[in-house]
1. Quick one: A:A85 ticks every box in (1) in contact (Cβ under 8 Å) with a residue 60 or more places away in the chain; (2) under 30 Å from A:E36 (Cα atoms) bar one, so which box is it?
2. I'd like the residue in the stretch A:1-39 that is assigned to a helix (DSSP H, G or I) and of a type in the set (S, T, N, Q) and, out of all such residues, is farthest from A:G97 (Cα to Cα).
3. If you check A:M190, A:M186, A:M164, A:M144, which single one turns out to be under 21 Å from A:A87 (Cβ atoms) and at pLDDT below 95?
4. Of the residues in the stretch A:202-233, how many are out of contact with any Leu (no Cβ under 8 Å at 6 or more places or on another chain), at the interface with chain B (Cβ under 10 Å from one of its Cβ atoms) and of a type in the set (F, W, Y)?
5. Would you point out the residue of the stretch A:81-106, among those that are among the aliphatic types (A, V, I, L, M) and over 9 Å from the mean Cα position of the chain (by Cα), that is surrounded by the most Cβ atoms within 10 Å (Cβ to Cβ)?
6. Assuming A:Q172 fulfils every condition listed in (1) over 30 Å from A:W19 (Cβ atoms); (2) in a loop (DSSP other than H, G, I, E, B); (3) out of contact with any Ser or Thr (no Cβ under 7 Å at 6 or more places or on another chain) apart from one, which condition is it?
7. Pairs under 7 Å by beta carbon, first residue at positive phi in the stretch A:14-32, partner outside any helix (DSSP H, G or I), six or more apart or different chains?
8. If you go through the stretch A:130-137 one residue at a time, do you hit one that is loosely packed, with under 13 Cβ neighbours inside 10 Å and either out of contact with any Asp or Glu (no Cβ under 8 Å at 6 or more places or on another chain) or not β-branched (V, I, T) (or both)?
Amino acid sequence: MKRFAIGLYVTVTAVLLAWGYYQAIYVAPNDAMQGEIFRIIYYHVPSFATAFTFYSISFLGSIAFLSYRRSRPAWAQIADGWAVAGAEVGVVFCTVGLTTGPLWARRAWGIWWTWDARLTTTLVLWLIYVSYLLLRRFSAGPQMQTLAAVLGIFGALDVPIVYMANRWWRTQHPAPVFGGDSNSGMDPSMVGALMWNMLAWFAWGFLILGIRFYVERHHQKIAAAEAKAALEA
Amino acid sequence: MFQAPDQAAVLDHQFRVAAYVVTWAIQIGYVLWLAMKWRAQKREAERLGIDRAKVQR
């Protein structure tokens with residue numbers, strides 16, 4: 001039953017991704033001002049939406065780890081599994097956003113990068129979570145998870161700053177498409193393509209998040225079994 | 001940076017394709033890396049003689 005559910009989820013995700021691609025390329029019209037380059041938005045925006053969601057999962061996992069690490073160690077390990085999975089998959093999606101953005105900017109602005117508030121805060125967010133992953137990779141000992149959880153919490157505090165950056169400061173990055181001022185919004189003929197891609201990338205994201213969590217739990221259990229065997233020897 | 005309209009459209013197309021290809025390269029690359037990590041973990045568990053059932057629990 002479990003295998004069937006996973007197979008079904010993978011199939012639905014693959015169909016959604018194919019449908020999202022079809023919508024982005026063949027259904028949505030070219031932007032009147034930007035032409036075809038505008039279609040990058042259908043991968044760029046969902047990537048950041050997914051990244052921010054997974055950083056939030058990492059944030060909650062980190063808080064739960066710190067809360068339960070003494071009272072309920074087993075729960076704390078599960079929370080830590082979600083924290084590392086959220087951070088790592090978040091970095092993957094954030095990397096996609098930070099790569100597709102400059103490709104769009106080169107054509108739209110004539111430059112690859114500028115130190116605008118939205119771009120800079122996003123780069124800082126990416127660097128914080130890369131340092132979180134490096135901390136987990138290269139440090140050992142009982143304090144590693146605690147230090148990583150604290151860093152994960154501080155990193156997540158940058159997420160609302162990134163989200164609000166182009167509302168608080170008007171710089172180079174385009175104004176918000178949704179939830180901005182009265183002039184914000186998208187042509188109805190384009191909204192469908194964006195929403196389908198949003199759904200597809202979230203489905204894909206949660207699939208790899210689940211796999212990453214499973215791998216981390218497996219790693220934790222091997223480490224625990226190894227420690228137990230060493231004690232018994 | 002003047003470009004003839006057809007040249008601009010070709011460049012737009014190439015940049016759009018590059019963005020989509022990069023997206024998929026990063027995502028598939030990550031999944032492959034995860035699969036390699038998973039295989040290495042399984043081998044490590046076997047090398048240590050850790051019972052698979054214990055790990056699964």
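The values are calculated or read from the model by the stated rules, or taken from the named source; none is laboratory data. On a predicted model such as this, the values are computed, not experimentally measured, just so you know. Cβ coordinates were reconstructed from backbone atoms using ideal geometry, including for glycine residues, and neighbour counts include every protein chain displayed.
1. Only one criterion in (1) in contact (Cβ under 8 Å) with a residue 60 or more places away in the chain; (2) under 30 Å from A:E36 (Cα atoms) is unmet by A:A85, namely (2).
2. Step one: of the stretch A:1-39, the residues assigned to a helix (DSSP H, G or I) are A:2-27, A:36-39.
With of a type in the set (S, T, N, Q) added as a condition, the list becomes A:11, A:13, A:23.
Working: A:T11: 25, A:T13: 20, A:Q23: 20 Å.
It comes out as A:T11.
3. Of the residues listed, the single one that is under 21 Å from A:A87 (Cβ atoms) and at pLDDT below 95 is A:M144.
4. Of the residues in the stretch A:202-233, 1 are out of contact with any Leu (no Cβ under 8 Å at 6 or more places or on another chain), at the interface with chain B (Cβ under 10 Å from one of its Cβ atoms) and of a type in the set (F, W, Y).
5. Filtering the stretch A:81-106 down to residues among the aliphatic types (A, V, I, L, M) leaves A:83-85, A:87, A:89, A:91-92, A:96, A:98, A:103, A:105.
Narrowing the set further to residues that are over 9 Å from the mean Cα position of the chain (by Cα) leaves A:83-85, A:96, A:98, A:103, A:105.
Details: A:A83: 29, A:V84: 26, A:A85: 24, A:V96: 26, A:L98: 20, A:L103: 22, A:A105: 21.
If we take residues in the stretch A:81-106 being among the aliphatic types (A, V, I, L, M) and over 9 Å from the mean Cα position of the chain (by Cα), then A:A83 is surrounded by the most Cβ atoms within 10 Å (Cβ to Cβ).
6. (3)
7. Short answer, once both residue conditions are applied: none.
8. So far as the stretch A:130-137 goes, yes, one or more of its residues are loosely packed, with under 13 Cβ neighbours inside 10 Å and either out of contact with any Asp or Glu (no Cβ under 8 Å at 6 or more places or on another chain) or not β-branched (V, I, T) (or both).
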